[in-house]
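The values are calculated or read from the model by the stated rules, or taken from the named source; none is laboratory data. If you're wondering where the values come from, they're calculated on a predicted model, not measured in any experiment. Because the Cβ atoms are built from the backbone with ideal geometry, glycine has one as well, and the counts that use them run over all protein chains shown. Areas reflect the complete protein model, heavy atoms only, side chains present, ligands, DNA and RNA absent. Shrake-Rupley method; radii C 1.70, N 1.55, O 1.52, S 1.80 Å.
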Amino acid sequence: MSQAVMFKFRLYVAADALNSAQALGNLTALCRRHLPDRHEIEIIDVFREPKRALADGIFMTPTLVKLAPVPSRTIVGTLSQTQLVMQALGLEALAP
Amino acid sequence: MSANHPSPGRRSSAKLPSKALTGIIGFDEITGGGLPRGRTTLLAGGPGSGKTLLALQFLVHGAQDCQEPGIFVAFEETAKRIVANADSFGWRLAALRRKKLFIMDAQPMPELVQAGDFDLSGMLAALDAKIKEMGARRIVFDALDIVLALLPEPAAIRREVYRLHEWLLARELTGIITVKADGNDAGAVIGQLFGFMQFMVDCAVILSHCVLLGVSHRNLRVLKYRGSSFDENESPFLIGNSGLEVAVARTPGRVDAKVSKERVSSGVKRLDTMLDGGYYRGASVLITGFSGTAKTTLSAAFAEAACRRGERTMFVSFDSDCTEVVRNLASVGIRLKPYVNSGCLRMISARSIAGSAETYLVRIKTLAQAHGARCLVIDPVSTWYKSGNDLSAQSVADRLIDWAKGEGLTLVCTSLSDEMSNRMESNSPLQVSMLADTWIHLNYLVQAGERNRGLSIVKSRGTAHSNQVRELILSDAGVTLSDTYTAGGEVLMGTLRWEKESAERAVHEAAEVVTKLKGVKLDAEEAELAARLKALQVELVAKQVEKALLASATQSRKGELSRGRTRMQELRGADAAKPGRKSS
């Protein structure tokens, strides 16, 4: 049943900062492994769109927001602790 | 600097002073003009120590009075709550928020998950956009420790603090970073952070809040200020009706400022005479005495006299309610009500002010300034050292007098003497007497079953004053002073004085009667003598007349005789003629 659910992510990054790049790397790896073909990632560079960051209340980078499925979730950091990230995204069942 | 900045921003480096005024009473004096412009200030303190308030006041002052828009980054409280709190101080944030003040909600969401390292560049990018948009010159990061605590390791914390600091310096923003610190938790992350930030910033201010004997004391201390001198001592402050107010220890430049030779009436005529014309304008007068020695009455007489001259006056009562004071004084002929109604006199019931001696002083200062008072009565100041304030009360009293002198205010303080220590010399409560220009002591004299009030002038600088004790008499006609009698080494007052006066009057009257009697008697004697003199004179005249008559009678008889003899000779034809007749 969970096959049909689409995961929508939005990742706020600070240009090419190291931790932002790490977060993006970790996120794509996670998605490729656990959510193949059922994820969307929107990347927002706060340096290019600062007003958007302000409006969205994003003050730490990198920040990952899971928009769908509800409930939405916010995770800050490089997403290097996979276990924790999976838990936060409600993907414990898929974890190895 | 971006071209988007409005003119105040571009002017800054060239013309503006090197410090940014905070608009906080006292704080700008301590720091010699405010916080370092274009630099970062660290504001540390425990919970509820007033950090947020100080920082916000700094922004409000900048936006409202200095043409320096500001941004408040709120990590702890929501913008809504901050605005609500600020409204209670009368800062119109709603109007300011439209253009000159931006409050950024940056509270980490409670359900936020932290996984791995992150940094604050997102926030700084957003702030950059906002700063350009509104031309902000001031910025506050309130409770930075909250967001830093989310970082996984101390090294990351240091890195982000450096990032923030560099960012602030590059934009030449005058910034405040507040962090929670109690000073004694050095082992904790915040403690480390605090220590490290202290070195980094250009100015560090510590706020503390403690309770001594149930009385709250707030203190502020400037720990460091690069490139500037500052008052290094702890300065008490309080959170007043319009924000923070810091008590400045001394204002040396102003202490000697206004010395007047003008005299102002004490409200009691005889006392003015005793003082060679009254108190000096701008003097500090201390009235000491036990409970019920008419200290309040004497000080109120001064207030009434001041109001009669049309001088704005403030009467601070620690004892009772204003209406009670006014009513009680009316019974001794001191009518303050008309002046209260006209607004000339401001009555303050200080019992409604809760807190430390500092609180009282700052409140009194603020109220007096708001009222534009020229004369100030505080009844009694001794309350200050009765509420766990022994240490600070003295310095508060000093500052009160310094301040009053600086302002040219004529200050009358009463002070309750301790009933136990009976000798007046040993009672110099608060050592105000050292600083006061005029010290009047009121005392009871118990004698012959009576308590009578005595007034004496212990000292009065620059004034020839009477050294005699006078009796203070209260009646519905007001306050009067009366001479006392010294009899057999004792001062007589009350009934004894009255008896003595009566006795003297009786003696005097008796003497007068005797004199009168004597006068009458002498008058009578004089009259008698005069009468006798007159009778004798009449007698004399009579004698003289008699004598004259006698002489003339003798003469005529003589003539008659000779004429008769001649006639007889003629008749007889006597021949023996007289030689005289022969020749004829």
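Residues that are touching a Lys or Arg at 6+ places or on another chain (Cβ under 7 Å), more than 14 Å from every other protein chain (Cβ to nearest Cβ) and surrounded by fewer than 20 Cβ atoms within 10 Å (Cβ to Cβ) occur at least once in region B:47-64. Among the helices (runs of 4 or more DSSP H) confined to region B:9-124, the ones with at least 2 residues that are within 23 Å of B:Val179 (Cβ to Cβ) and not small (Gly, Ala, Ser) are located at B:27-30, B:51-65, B:79-87. Every residue in region B:119-145 that is at the interface with chain A (Cβ under 7 Å from one of its Cβ atoms) and over 30 Å from A:Met86 (Cα atoms), please. The answer is B:Asp128, B:Ala129, B:Lys130. Does any residue of region B:110-118 turn out to be within 14 Å of another protein chain (Cβ to nearest Cβ), open to solvent by less than 30 Å² (accessible area, probe 1.4 Å) and farther than 30 Å from A:Leu79 by Cβ? No, region B:110-118 has no match at all. Here A:Met6 fulfils each of the conditions (1) over 30 Å from B:Ala129 (Cα atoms); (2) crowded, with 16+ Cβ neighbours inside 10 Å apart from (2). Annotation note: of B:Ile440, B:Ile473, the sole residue that is of a type in the set (Val, Ile, Thr), closer than 23 Å to B:Thr288 by Cα, touching a Ser or Thr at 6+ places or on another chain (Cβ under 6 Å) and surrounded by 10 or more Cβ atoms within 10 Å (Cβ to Cβ) is B:Ile473.
Restricting attention to region B:504-513, does a residue exist that is over 30 Å from the mean Cα position of the chain (by Cα) and closer than 30 Å to B:Phe302 by Cα? The answer is no, given that none of the residues of region B:504-513 is over 30 Å from the mean Cα position of the chain (by Cα) and closer than 30 Å to B:Phe302 by Cα. Kindly establish whether B:Ala129 is without any contact (Cβ under 8 Å) to a residue 40 or more places away in the chain and on the phi < 0 side of the Ramachandran plot. Yes. Within the option set B:Ala79, B:Ala86, being surrounded by fewer than 18 Cβ atoms within 10 Å (Cβ to Cβ) and hydrophobic (A, V, I, L, M, F, W, C) holds for one residue only, B:Ala79. Among the candidates B:Gln192, B:Gln114, the residue that is at pLDDT below 85 and either closer than 30 Å to B:Asn219 by Cβ or of a type in the set (A, V, I, L, M, F, W, C) (or both) is uniquely B:Gln192. Among the criteria (1) within 26 Å of B:Ala370 (Cα to Cα); (2) open to solvent by 10 Å² or more (accessible area, probe 1.4 Å); (3) in contact with a strand residue (DSSP E or B) (Cβ under 7 Å, 6 or more places away or on another chain), the one B:Arg312 does not fulfil is (3). Picking from residues in region A:27-65 that are open to solvent by 60 Å² or more (accessible area, probe 1.4 Å) and within 12 Å of chain B (Cβ to nearest Cβ), the one that is farthest from A:Gln81 (Cα to Cα) is A:Lys51. In this structure, A:Leu24 does not satisfy being within 7 Å of another protein chain (Cβ to nearest Cβ), under 26 Å from B:Ala149 (Cβ atoms) and either assigned to a helix (DSSP H, G or I) or at pLDDT below 90 (or both). Out of the residues in region A:75-85 that are at the interface with another protein chain (Cβ under 7 Å from one of its Cβ atoms) and over 17 Å from A:His39 (Cβ atoms), state the one that is surrounded by the most Cβ atoms within 10 Å (Cβ to Cβ). Per the criteria, the residue is A:Val76.
Of the residues making up region B:158-170, those that are open to solvent by 10 Å² or more (accessible area, probe 1.4 Å) and without any contact (Cβ under 8 Å) to a residue 60 or more places away in the chain number 7. Within region B:261-281, the residues that satisfy the criterion of being open to solvent by 10 Å² or more (accessible area, probe 1.4 Å), in contact with a Ser or Thr (Cβ under 9 Å, 6 or more places away or on another chain) and within 19 Å of B:Asp402 (Cα to Cα) are B:Tyr280, B:Arg281. Within region B:198-238, restricting attention to residues that are in a loop (DSSP other than H, G, I, E, B), touching a Lys or Arg at 6+ places or on another chain (Cβ under 8 Å) and touching a residue at least 40 places away in the same chain (Cβ under 8 Å), the residue that is most open to solvent (accessible area, probe 1.4 Å) is B:Arg226.
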